[in-house]
Amino acid sequence: MIYPDSHEVPDFTSLLRLDGRAFVVLGAGDGMGRQTAHALGQCGARVLCVDRDMGLAEAVAREIGGTATAIAADVTSRADMEKVFSVADADFRDAFAGVVDIVGMATTAPLSAIDDAAWAGQFDIVLRHAYLTIQLGGQALAKRGGGSLTFVGSISGAVSVANQAAYGAAKAALHHLVRCAAHELGPSGVRVNAVAPGFVRTPRLLKALSPEFWEGVSRANPLRRVAIPADIAAAMLFLTSDLARYVTANILTLDGGTSSIAALPEFRVPRPAPA
């Protein structure tokens with residue numbers, strides 16, 4: 001027996017549009033944050049660009065144009081984050097629809113070389129701002145009937161990456177925080193998700209790592225290329241939009257398939273010797 005779908009077919013292309021909505025982008029001054037701010041702006045959103053460096057935040061806001069604005073803040077500071085959401089509340093009012101949090105930086109060293117200050121600092125730069133975003137931004141969105149919180153995790157939070165034990169532990173905690181927050185905020189209409197990239201050719205990493213390193217990462221990738229910031233921004237846009245209106249508590253892997261491959265030498269079936 002055939003059961004025809006009687007549901008109305010939505011205008012799927014319109015679900016990507018963000019007209020009439022406003023978003024806070026934390027870490028908007030460069031790389032993935034800059035690209036994500038542009039992606040939101042291109043789909044009609046108003047954007048508040050937040051960065052520790054006011055010059056970078058203002059530069060991105062000027063690039064986007066329109067109603068994009070900028071503010072400087074240390075996102076690990078509760079006082080600064082309260083200021084950010086106070087500005088968003090005053091400027092955006094009922095249009096406030098979400099937060100995209102790009103902030104994070106890896107401490108790359110074996111565990112034996114990490115002291116207490118480095119360990120605490122790694123968790124601050126990966127996790128504290130996310131906790132503040134969920135606590136302050138999540139409640140602001142809940143009062144408005146819903147919205148989205150979208151974070152940047154890492155494949156280091158799911159698999160072991162050499163010399164990233166502290167970073168991976170902090171990102172794993174971020175992934176779990178996302179799931180827990182989605183559970184708590186879901187009844188208020190707030191969706192909480194994260195993307196988990198592998199290595200991305202951000203301006204900072206391009207300076208820090210050699211061409212030989214990037215070539216090696218490309219060779220290990222099924223797509224034979226390394227992600228660029230726009231690849232991550234595209235996924236952030238999806239998770240922010242109504243195309244993802246039924247997506248929450250999700251950690252979306254964005255590594256071109258690299259983490260799906262076992263770190264073993266390539267196995268080749270031996271050919272029979274010629275007769």
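Structural remarks
- Residue count, segment 49-84 (criterion: surrounded by fewer than 19 Cβ atoms within 10 Å (Cβ to Cβ) and among the small types (G, A, S)): 7
- Checked against (1) over 17 Å from the mean Cα position of the chain (by Cα); (2) of a type in the set (S, T, N, Q); (3) not in a loop (DSSP other than H, G, I, E, B), T150 passes all but a single condition, namely (1).
- Test for D19: is it part of a loop (DSSP other than H, G, I, E, B), touching a Gly at 6+ places or on another chain (Cβ under 8 Å) and either surrounded by fewer than 22 Cβ atoms within 10 Å (Cβ to Cβ) or of a type outside the set (A, V, I, L, M) (or both): yes
Yes or no, residue by residue, for (1) buried (at least 24 other Cβ atoms within 10 Å of the Cβ); (2) in a loop (DSSP other than H, G, I, E, B); (3) not polar (S, T, N, Q):
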position	(1), (2), (3)
V25	yes, no, yes
R34	yes, no, yes
A37	yes, no, yes
G41	no, no, yes
G44	no, yes, yes
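- Members of segment 69-87 that are under 20 Å from the mean Cα position of the chain (by Cα) and over 12 Å from T133 (Cβ atoms): A70, I71, A72, D74, S77
- Here is the figure for segment 94-117: residues that are among the small types (G, A, S), modelled with pLDDT of 95 or more and under 23 Å from P197 (Cβ atoms) total 1.
- When we screen A196, A182 for residues that are part of a helix (DSSP H, G or I), of a type outside the set (S, T, N, Q) and touching a strand residue (DSSP E or B) at 6+ places or on another chain (Cβ under 7 Å), the only hit is A182.
- Restricting the first member to segment 1-29 and to residues that are at positive phi, and the second to residues that are among the hydrophobic types (A, V, I, L, M, F, W, C) and not in a helix (DSSP H, G or I), the beta-carbon pairs closer than 9 Å and six or more apart or on different chains are G20/A45; G20/A97; G27/V50; G27/V75; G27/V100; G27/I102; G27/V103; G27/V152.
- Residue, nearest to R17 (Cα to Cα), within segment 49-90, restricted to residues that are in contact (Cβ under 8 Å) with a residue 60 or more places away in the chain and touching a strand residue (DSSP E or B) at 6+ places or on another chain (Cβ under 7 Å): A88
- Within the option set V75, V50, V60, V87, being at pLDDT 95 or above and in a strand (DSSP E or B) holds for one residue only, V50.
- Among the residues listed as D101, D124, the single one being under 18 Å from the mean Cα position of the chain (by Cα) and buried (at least 22 other Cβ atoms within 10 Å of the Cβ): D101
- Evaluated against (1) in contact with a helix residue (DSSP H, G or I) (Cβ under 8 Å, 6 or more places away or on another chain); (2) closer than 21 Å to A230 by Cα, A57 falls short on exactly one condition, (1).
- Test: residue in segment 95-104 that is among the charged types (D, E, K, R), assigned to a strand (DSSP E or B) and out of contact with any Gly (no Cβ under 6 Å at 6 or more places or on another chain): yes
The values are calculated or read from the model by the stated rules, or taken from the named source; none is laboratory data. On a predicted model such as this, the values are computed, not experimentally measured, just so you know. Please note: Cβ atoms are built from the backbone with ideal geometry, for glycine as well, and neighbour counts cover all protein chains shown.
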